[in-house]
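Each remark here refers to the structure printed beneath this line.
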Amino acid sequence: MIISIGNFDGVHAGHQALLRGLTEQAQAVGVKSQVITFDIHPKTFFSGEQIRLIYDTETKIKALKNFGVDEILVIDFDKSVADMTGQEFLDHYIGLGNIAGIVQGDNFAFGHMRSCDIDCLKKIGEGNNFKVQVIGLEQNSDQVVSSSVIRDLLQKNKISEAYLMFGGKYFYNYPIKEYDYSINNKVVHGNKFGRTIETPTANLEGKYSDIESGVYAGKVIMPDGIIRAGAISVHDNQVEVHIIDWSGDLYGQTLQLNFAHRLRDYVSFDTSEALITQIKRDLLVAWQLYLN
């Protein structure tokens, strides 16, 4: 078994480089590839901080399989896991005798208090007849590609910049359906709730009982004729749109919304953080559909 360990949140371009090394090495020696990941982010366990995960577990598994990983082990991260040394972790979950190789990024560390880094991992390998392949960090322009960088960009609504870090493929956690519809109306004042959840929207005048409640992706024809990407929300016969990578005042001006895809149902979330997390996912897939 050739293995790799990590959170793999977002399965971004840096992860993808690591997965190529993992699957290529597994194929070269004729064994299976395996990713070991976690149900929650370890930071959540240690600090209680609620990380806005880019992918839920189901979507992460789907993405990992898409990049050719044979087996995926999802571990419940708890105190027993946190207290294990690196060697104890490997022996408990895989068995040291079952490891033919390990592929990790050059900043990798695991085990109790992150005490086992790449050098530590190589020493374990020397004592158990396996080698460690190290993959360098990916960069996008001058920025290292990482899940935390993507989360920061999403928080700032820099959707197109965040999307570049996925290497051209973002996976979505709902079935997407084509939807062909257009509306044209003035922007009016709403309750401004979107501003409180990092995603300001333009509210269109009128009631739209002929549009099914839900979240949609489409194109926005701006007052100056420029076409932009939009994530459209329809609820209680009202329509509002977040215009991706744009901000400004549109009150009293007319927008045309061209619906192209239905993304999901309009649902309630238990917390504002859960809602924001899902909205960021909606915006990423809306941008991806706009590009394609």
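The values are calculated or read from the model by the stated rules, or taken from the named source; none is laboratory data. Small disclaimer: the values here were computed from a predicted structure and weren't measured. Here Cβ is always computed from backbone atoms with ideal geometry, including for glycine, and neighbour counts include all displayed protein chains.
Considering region 113-127, and only residues there that are surrounded by fewer than 15 Cβ atoms within 10 Å (Cβ to Cβ) and of a type outside the set (Lys, Arg), the residue that is nearest to His41 (Cα to Cα) turns out to be Met113.
Suppose the filter is polar (S, T, N, Q), out of contact with any helix residue (DSSP H, G or I) (no Cβ under 9 Å at 6 or more places or on another chain) and either crowded, with 19+ Cβ neighbours inside 10 Å or on the phi > 0 side of the Ramachandran plot (or both); does Gln34 pass it?
Taking the combined requirement at face value, the residue does not satisfy it.
Matching residues to (1) β-branched (Val, Ile, Thr); (2) without any contact (Cβ under 8 Å) to a residue 60 or more places away in the chain:
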site	(1), (2)
Ala63	no, no
Val74	yes, yes
Ser80	no, yes
Asp91	no, yes
Leu96	no, yes
Ile124	yes, yes
Asn129	no, yes
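All of Ile61, Ile51, Ile102 fail the test of being under 26 Å from Val285 (Cα atoms), modelled with pLDDT of 95 or more, surrounded by 15 or more Cβ atoms within 10 Å (Cβ to Cβ) and not small (Gly, Ala, Ser), apart from Ile61. Within region 10-22, the set of residues being surrounded by 24 or more Cβ atoms within 10 Å (Cβ to Cβ) and touching a helix residue (DSSP H, G or I) at 6+ places or on another chain (Cβ under 7 Å) comprises Gly10, Val11, His12. Taking the numbered list (1) on the phi > 0 side of the Ramachandran plot; (2) surrounded by 14 or more Cβ atoms within 10 Å (Cβ to Cβ) in turn, Phe110 passes all entries but (1). Among the residues making up region 178-211, a single one is of a type in the set (Asp, Glu), part of a loop (DSSP other than H, G, I, E, B) and either touching a strand residue (DSSP E or B) at 6+ places or on another chain (Cβ under 7 Å) or not assigned by TED's automatic domain parsing to the domain that holds Gly248 (or both): Glu205. Considering only residues in region 1-58 that are in contact (Cβ under 8 Å) with a residue 60 or more places away in the chain, under 16 Å from Val74 (Cβ atoms) and assigned to a strand (DSSP E or B), the one that is farthest from the chain's Cα centre (by Cα) turns out to be Ile3.
Take region 247-273 and flag every residue that is exposed (fewer than 15 other Cβ atoms within 10 Å of the Cβ) and of a type in the set (Gly, Ala, Ser).
Within region 247-273, the subset exposed (fewer than 15 other Cβ atoms within 10 Å of the Cβ) is 247-249, 251-254, 265-273.
Ser247, Gly248, Gly252, Ser268, Ser272, listed by residue number.
Buried (at least 16 other Cβ atoms within 10 Å of the Cβ), within 21 Å of Asp265 (Cα to Cα) and touching a residue at least 40 places away in the same chain (Cβ under 8 Å): is that true of Tyr208 in this structure? The answer is no for Tyr208.
When region 112-132 is examined, which residues are found to be over 30 Å from the mean Cα position of the chain (by Cα) and among the aliphatic types (A, V, I, L, M)? Selection gives Ile124 alone. For Asp245, indicate whether it is within 19 Å of the chain's Cα centre (by Cα), at pLDDT 95 or above, assigned to a helix (DSSP H, G or I) and of a type in the set (Asp, Glu). No: the conditions fail for Asp245. Restricting Ala231, Ala217 to those that are free of Cβ contacts under 8 Å to residues at least 60 places away in the same chain, among the small types (Gly, Ala, Ser) and in a strand (DSSP E or B) reduces the list to Ala231.
Of Ile232, Ile221, Ile227, Ile244, all but one fail to be surrounded by fewer than 17 Cβ atoms within 10 Å (Cβ to Cβ) and within 25 Å of Leu291 (Cβ to Cβ); the exception is Ile227.
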